[in-house]
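The values are calculated or read from the model by the stated rules, or taken from the named source; none is laboratory data. Given the structure is predicted, the values throughout are model-derived calculations rather than measurements. Neighbour counts run over all protein chains shown; Cβ positions are idealised from the backbone, glycine included.
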Ligand SMILES: *Cc1c(COP(=O)(O)O)cnc(C)c1O
């Protein structure tokens with residue numbers, strides 16, 4: 001192995017990202033804005049963006065201004081939408097780099113227009129409607145006044161969008177239809193005033209793949225292309241591929257006598273003479289001290305025993321194994337698999353949180 005000395009690492013399959021991107025396009029039949037916020041959920045914004053663009057996405061979206069600027073600096077020239085309200089300090093750089101801004105309200109319109117005038121550029125914006133997320137944007141009945149304000153201020157109103165709060169967890173929740181209805185009201189008000197933004201988008205991965213009525217002329221998806229199960233209520237779709245594996249190695253393997261305590265707090269004691277292994281992954285890598293952790297080694301599922309330490313954790317092994325043996329924290333080995341949804345369940349958190357929170361010190365590897 002070329003990464004023999006790497007303590008723990010992520011293997012990211014970019015050909016699977018390309019495949020998944022093509023599949024999302026095939027399933028939806030509309031334009032695709034690829035969401036690569038938070039360093040593409042930890043998998044590497046630049047390589048993942050390139051793979052998604054190669055797979056047919058036409059534009060990108062990120063959460064923060066600095067993320068967009070990083071992609072621009074790396075030479076990415078397609079449109080990039082920033083979801084959040086940019087800091088005033090980075091606004092000029094964003095407008096100069098032709099980054100698309102989210103129009104969250106009247107103050108934002110004023111601020112964008114003022115900076116655009118100073119720079120002699122016309123800021124490009126997508127108007128955000130808050131249809132039930134309670135995060136960014138204006139309520140549906142303010143969409144038309146805000147659109148008018150934006151146009152009068154000289155902004156390029158290129159898009160309009162909203163975001164679903166329940167659609168990934170419950171496809172039948174009445175809020176889904178209500179959010180769509182509120183968004184249609186906003187669109188109808190704009191239409192009545194002959195304001196027709198070019199791009200209309202509401203669908204994250206779950207909506208894109210499960211709710212065609214949410215498509216309009218663009219979907220805005222991230223997790224499905226990264227091999228994260230798009231729906232909390234249904235299994236991983238057969239037409240998508242898994243993308244990421246998280247691996248480490250056995251760095252110690254010893255026989256410990258019966259009754260020997262393991263790790264901080266001594267929450268585990270060997271029941272008999274046991275083989276206790278140590279792996280080079282811990283909570284400071286994002287492998288959390290929560291739930292009942294298991295890993296795959298030698299094609300078998302083994303238990304993590306005792307508390308997870310910062311840089312390591314201990315395993316109860318069925319018997320001695322060679323040092324350097326590959327251990328899978330996430331992914332497949334032999335016939336066994338541990339998937340992102342398993343870790344999310346174990347750690348009681350969101351699926352994308354599991355991979356987004358894998359620490360920067362964990363090397364990202366892109367096997368070809
Ligand atoms: C994160 C995010 C998305 C993408 O969601 P996925 O479930 O990863 O497809 C889309 N829109 C907004 C506003 C987001 O914050």
So in the stretch 209-242, with the set limited to residues that are more than 14 Å from the ligand (Cβ to nearest atom) and part of a helix (DSSP H, G or I), which one is farthest from residue 29 (Cα to Cα)? 213
Residues of the stretch 147-169 being closer than 24 Å to residue 231 by Cα and crowded, with 19+ Cβ neighbours inside 10 Å, which ones? 161, 162, 163, 164, 167, 168
Give the stretch 48-71 a look and list any residue that's surrounded by fewer than 17 Cβ atoms within 10 Å (Cβ to Cβ) and assigned to a helix (DSSP H, G or I), or say none. 54, 66, 70
Picked from the stretch 77-93 (must be part of a strand (DSSP E or B) and either in contact with a helix residue (DSSP H, G or I) (Cβ under 7 Å, 6 or more places away or on another chain) or away from the ligand (no atom under 15 Å from the Cβ) (or both)), the residue farthest from residue 199 (Cα to Cα) is 82
Hey, does the stretch 154-161 have a residue that's outside any helix (DSSP H, G or I), in the same structural domain as residue 103 (by the TED database) and closer than 30 Å to residue 12 by Cα? no
Would you mention how many residues in the stretch 350-368 are surrounded by 15 or more Cβ atoms within 10 Å (Cβ to Cβ), assigned to a loop (DSSP other than H, G, I, E, B) and without any contact (Cβ under 8 Å) to a residue 12 or more places away in the chain? 1
Out of 184, 172, I need the residue that is away from the ligand (no atom under 13 Å from the Cβ), part of a loop (DSSP other than H, G, I, E, B) and surrounded by fewer than 17 Cβ atoms within 10 Å (Cβ to Cβ). Which one? 172
Apart from one, (1) over 30 Å from residue 185 (Cβ atoms); (2) surrounded by fewer than 24 Cβ atoms within 10 Å (Cβ to Cβ); (3) touching a residue at least 24 places away in the same chain (Cβ under 8 Å) all hold for residue 77; the odd one out is (3)
Residue under question is residue 291, and the condition is that it be in contact with a helix residue (DSSP H, G or I) (Cβ under 8 Å, 6 or more places away or on another chain), within 30 Å of residue 48 (Cβ to Cβ) and surrounded by fewer than 17 Cβ atoms within 10 Å (Cβ to Cβ); does it hold? yes
Restricting attention to the stretch 33-47, does a residue exist that is within 18 Å of residue 208 (Cβ to Cβ), out of contact with any strand residue (DSSP E or B) (no Cβ under 6 Å at 6 or more places or on another chain) and not assigned by the TED database to the domain that holds residue 360? yes
Go through (1) assigned by the TED database to the domain that holds residue 158; (2) buried (at least 17 other Cβ atoms within 10 Å of the Cβ) and name the single condition residue 87 misses. (2)
Test residue 45 against the criterion of being touching a helix residue (DSSP H, G or I) at 6+ places or on another chain (Cβ under 7 Å), free of Cβ contacts under 8 Å to residues at least 40 places away in the same chain, surrounded by 20 or more Cβ atoms within 10 Å (Cβ to Cβ) and over 22 Å from residue 126 (Cβ atoms), and give yes or no. no
What is the one condition in (1) part of a helix (DSSP H, G or I); (2) surrounded by fewer than 21 Cβ atoms within 10 Å (Cβ to Cβ); (3) within 14 Å of the ligand (Cβ to nearest atom) that residue 134 does not satisfy? (1)
Check 256, 321, 296 and return the single one that is buried (at least 20 other Cβ atoms within 10 Å of the Cβ) and either touching a residue at least 12 places away in the same chain (Cβ under 8 Å) or closer than 30 Å to residue 30 by Cβ (or both). 296
